């Protein structure tokens, strides 16, 4: 039996998808998603930010799991703790992982190590194409309302790409 690919999420996609009310897309698209202890801590910090309730529910339902990092995994001192931990976990797992991350420096590291990734916008675009969400535009509007930074050009391009522009 083939083993499913490990999907590791950073805090940003979890928080952003929670802000749009679409965290459940992760379960629909990937079945199970893992976070590191560092990512769990970032999302749960303060307990009131978007994503905290959804993370707890996903963990209780066991489709979100905490992935333990093998001792001696590579360090990424220029990245935040969450990004560094999922990259370290991916490399320790042999690189056969799919990362969910938005941070550009972390994406550069993933590219440099040959690790596949997507971000919040990629997840939402795939969900729209697969008709898991009726429209992308309301999700982008909610992201803007919650302070997520997306260039107007990127938003227009993405909406056009999924047939909404």
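The values are calculated or read from the model by the stated rules, or taken from the named source; none is laboratory data. Computed from a prediction, not measured in an experiment: that's the story for all the values here. A quick note on method: Cβ atoms are made from the backbone with ideal geometry, for glycine too, and the neighbour counts reach across all protein chains shown.
Those residues that are out of contact with any strand residue (DSSP E or B) (no Cβ under 8 Å at 6 or more places or on another chain) and assigned to a loop (DSSP other than H, G, I, E, B), I need them from the range 2-30; list them, please.
2, 3, 4, 20, 21, 22, 23
Taking the condition of being touching a residue at least 40 places away in the same chain (Cβ under 8 Å) and within 24 Å of residue 49 (Cα to Cα), how many residues in the range 114-137 meet it?
Of the residues in that region, 6 qualify.
Could you please let me know if residue 90 is farther than 24 Å from residue 42 by Cα and in contact (Cβ under 8 Å) with a residue 12 or more places away in the chain?
For residue 90, the condition - farther than 24 Å from residue 42 by Cα and in contact (Cβ under 8 Å) with a residue 12 or more places away in the chain - is not met.
Just one of 33, 7, 43, 39 is free of Cβ contacts under 8 Å to residues at least 40 places away in the same chain and either in contact with a helix residue (DSSP H, G or I) (Cβ under 7 Å, 6 or more places away or on another chain) or crowded, with 23+ Cβ neighbours inside 10 Å (or both); which is it?
None of the other options fit; the residue is 43.
Among the residues of the range 2-48, which ones are at pLDDT below 90 and at positive phi?
Across the range 2-48, the qualifying residues are 46, 47.
Filter the range 68-94 down to the residues that are crowded, with 22+ Cβ neighbours inside 10 Å and touching a strand residue (DSSP E or B) at 6+ places or on another chain (Cβ under 7 Å), then identify the one that is modelled with the highest pLDDT.
Checking each candidate, the answer is 86.
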